Amino acid sequence: MPTPAVTLKLRRFRRRFGIAAPRVVVRSHLPWSWLAAAGGLLLLLVIASLWMVMQHNESGALGRELDNQRLIIQEQHEELNLLRSTAGTEKNAVHMERAAQQQLLARIRGLEQENASLKEDILLFERLIPVVGEEAALRIENFRLTPEGKGRYRYRLLLAFQPSKQAPDFRGRLQLAVVFALAGKEQQLLLPEGRGEAADFHIEMKHFLRREGVIELPSEAQLRSIEARILLGDTLKAKRMAQL
């Protein structure tokens, strides 16, 4: 049989390692530096997450702002194109209006000259009413020259004839003596030059005759004078210098 001492030891062993023994919790001891590192890492993860969220929100705001700016630029570009087209239309309208004004002014000047010429003709006709019994007479009452371009001139003349019983009408020809300078030399041109142009210079009239035409000289020529001559055969009946 076991002794009392052995029995006591067995009881103590059962109490410590038996079913009725108290529970034992095994805990591992970690250094505080590891805990601090884990906390810091967790804090960094939280900060990184917050930063990514803020960046996402900021990039979204920047994207919206960029879209708004692009829309504004597109609207301004369309407005600029509209203004350019409008300005081009207004510019064309201004050019057309200026051209119309110039044409109108040229037409007005032409009408004024024609009106002045008609007034002179009326005064001339009143003054040149034929007187019965006087001899036939031929006069160049008006001879004007108007430049139209380089070397191009338009002439206008008015002839008045007072008939008589022996000469009820006049048949003759017109001759133009043109004096001009070319290359430092003075030259003279008699028109008409050829036979083909003689018909245009033929004159047949009873009382009054208006004649006009064009004289063309070299573009470098400088006109000095021009004289209109009325010839009956080879006889000079009247002459007059042109008003330049």
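Some observations on this one:
- Anisotropy class of the range 139-244 from Cα gyration tensor, a/c 1.5 cut: prolate
- Spin-label pair Gln175/His95, simplified geometry with 7 Å Cα→Cβ offset, distance in nm: 5.2
- Within the accessible area of the range 134-225 (1.4 Å probe), percent carbon and sulfur: 45
- Take the Cα of Phe201, step 7 Å toward its Cβ, do the same at Ser85, and the gap between the two points is 6.2 nm.
- Residue-span extension gain [Gln222 to Ser33] - 0.36 nm each, minus C-alpha spacing: 56.6 nm
- If R0 is taken as 25 Å, the Cβ-Cβ distance between Asn115 and Arg211 corresponds to a FRET efficiency of 0.80.
The values are calculated or read from the model by the stated rules, or taken from the named source; none is laboratory data. Everything quoted here is computed from the prediction, not taken from an experiment. As a convention, Cβ positions derive from the backbone with ideal geometry for all residues, glycine included, and neighbour counts pool all protein chains shown. Please note that ligands, DNA and RNA were not included when accessible areas were found on the heavy atoms of the full protein model with its side chains. Shrake-Rupley method; radii C 1.70, N 1.55, O 1.52, S 1.80 Å.
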